[in-house]
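Structure first, commentary second.
Laboratory data are not the source of any read-out in this text; all were calculated from the coordinates shown. Keep in mind the model is a prediction, meaning the values are calculated, not measured. FYI the Cβ positions are ideal-geometry reconstructions off the backbone, even for glycines, and counts take in every protein chain you see.
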Amino acid sequence: MTHLHPFEQVYEVDGQALTVKFDFGFHCFTDDKGNGKKLTFRGDTRYFCAERYHCSTQIIEYIHKRFFAGIVVPYYVENNQRYFCMDLHDYAIFFSISKPGGTVNVLKIRIISAYEVDEWGRGTLPKGKPHNVRYILEMRNAGKTV
């Protein structure tokens, strides 16, 4: 699981260096289907999923090579926490963005889940107005929602 260790990336956004701290959630390598070993983390019980684990090995490469040039769709879930979905060549990444208190030009992105999307599953991805990642990062760094 060393590929899921937190790391930082610096991007130029609005003429400034913006540090983005990435970390990874439990859902990057588990699902609720019950086919693998049962795992519990922070009160969340799920099952190890070899397919999601395999997909998780690709996350870092996607972030380094395609994230900043990508497109995201903002959307809400039941608890009103803001999440985003990025669809990159049949690969969807679900993540949240927060601005740590008392920081300047720092954002935190938590990768909640990432997996390959079959053609038949594309219709289940969140709908909404797509935005460039650069724009989303600029707005969130300014403390604005999108």
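Computed quantities for the displayed model
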item	result
The range 5-20 - phi-based ³J(HN,Hα) in whole Hz, Karplus 6.51/-1.76/1.60, Gly and Pro as x	6, x, 8, 10, 9, 10, 10, 8, 10, 6, x, 10, 7, 10, 8, 10
Net +/- balance of residues flanking P6 in space, Cβ distance below 9 Å, scoring K and R +1, D and E -1	-1
Amide proton proximity set for V13, modelled H, under 5 Å, gap of 5+	L18
The chain - Rg and Dmax from Cα coordinates, angstrom	15.3, 48
Rounded to the nearest 20 debye, dipole of the range 7-142 from Cβ charges on Lys, Arg, Asp, Glu	360 debye
Choice from N132, N79, N35 with maximal GNM fluctuation in the chain (Cα, 10 Å cutoff)	N79
Filter on K21/K129; K108/K129; K21/K127; K21/K99 - keep pairs with C-alpha separation over 20 Å	K21/K129; K108/K129; K21/K127
FRET efficiency for K37 and Y91, using Cβ-Cβ distance with R0 set to 22 Å, rounded to 0.05	0.35
Karplus (6.51, -1.76, 1.60) ³J(HN,Hα), θ = phi - 60°, over the range 55-72, in Hz, Gly and Pro reported as x	4, 5, 5, 9, 4, 4, 4, 4, 4, 5, 9, 10, 4, 5, 8, x, 10, 10
Karplus (6.51, -1.76, 1.60) ³J(HN,Hα), θ = phi - 60°, over the range 32-44, in Hz, Gly and Pro reported as x	10, 7, x, 8, x, 5, 6, 10, 10, 9, 6, x, 9
